[in-house]
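One structure below.
The values are calculated or read from the model by the stated rules, or taken from the named source; none is laboratory data. A quick note: this is a predicted structure, and the numbers were derived from the prediction, not measured. A quick note on method: Cβ atoms are made from the backbone with ideal geometry, for glycine too, and the neighbour counts reach across all protein chains shown.
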Amino acid sequence: MINVIIVDDEPLAQDVLETHIQRVPELNLVQKCSNALEANDALRNNSIDLMFLDIQMPQLTGIDFLRTLRNPPLVIFTTAYPNYAVEGFELNALDYLLKPISLERFIKATNKAIDQIDLTKGGSATADTPSDGADYFFVKADKKLIKVNYDDIVYIEGLKDYVIIRMENSRVITLQTMKSLESKLPAGQFKRIHRSYIVGTDKINAIVGNMVEITEKGQAKHLPIGKNYREELLAIINKNKL
């Protein structure tokens, strides 16, 4: 887990960041601070990996506060003023987010932090690569490592920087890309049929026009076939056609 604090004097800005943080399983919000003095105490009393730091604050600005720290955590500046960007990067800030902060932009910034912290700690932010012959793998979700059996996967759905691994009666949402997860799946058991979908080949019930029919929660569900994936999918189907 990556321990983070928010330092911002605006309650609404704190709430937005807190909501975004809750969407990223690797992040653990330790404290919300309204000024630099509160943040200083939080850093002294906790092991903090990442700080979301506002620039314009009373008493001491975020930039001035960062200059006072001997061993600061990774810093992502958050501000409504783009003119501080150069000064922020001169202080080795990891990123610079302009308010209002969108979830997409937030995730891009936190992915940088996750990658850098993983390099430092020797960890991994994506699915653990299974050992040879393993019939399962682990992914990080809901602040824990969850075991997923290959045979249980019906299909996988991509949603920006997240993937949803859908099984017959459950699902797992994890922060990573479709490309990253696809590279770790057994090629003969799974097939990419669309930029947003990977399906278990043994879970395909039928091909209906430009749709793949599978069963989810006891009911037929249809997934689109992308034109760039149709030829390879039909080759697999024809190989097993009588």
Restricting the search to region 212-227, which residues are without any contact (Cβ under 8 Å) to a residue 24 or more places away in the chain, within 28 Å of the chain's Cα centre (by Cα) and surrounded by 10 or more Cβ atoms within 10 Å (Cβ to Cβ)?
V212, K221, H222
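What strands (runs of 3 or more DSSP E) lie completely within region 86-170 and have 3 or more residues being modelled with pLDDT under 90 and under 14 Å from V24 (Cα atoms)?
Working: elements: 95-98, 136-141, 144-149, 153-159, 162-167.
In region 86-170, the matching strands (runs of 3 or more DSSP E) lie at 136-141.
Residues checked against (1) touching a Lys or Arg at 6+ places or on another chain (Cβ under 7 Å); (2) within 30 Å of K144 (Cα to Cα); (3) touching a residue at least 40 places away in the same chain (Cβ under 8 Å); (4) not hydrophobic (A, V, I, L, M, F, W, C):
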| position | (1), (2), (3), (4) |
| --- | --- |
| V7 | no, yes, yes, no |
| E26 | yes, yes, yes, yes |
| N35 | no, no, no, yes |
| L50 | no, yes, yes, no |
| M57 | no, no, yes, no |
| N71 | no, yes, no, yes |
| N83 | no, no, no, yes |
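Could you check region 174-189 and list, in sequence order, the residues that are free of Cβ contacts under 8 Å to residues at least 40 places away in the same chain and either surrounded by 15 or more Cβ atoms within 10 Å (Cβ to Cβ) or of a type in the set (D, E) (or both)?
Looking only at region 174-189, we keep the residues that are free of Cβ contacts under 8 Å to residues at least 40 places away in the same chain, and these are 177-179, 182-183, 185-189.
Selection gives T177, M178, E182, L185.
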Could you check, for region 71-87, whether at least one of its residues is within 14 Å of D8 (Cα to Cα), under 25 Å from the mean Cα position of the chain (by Cα) and of a type in the set (S, T, N, Q)?
yes
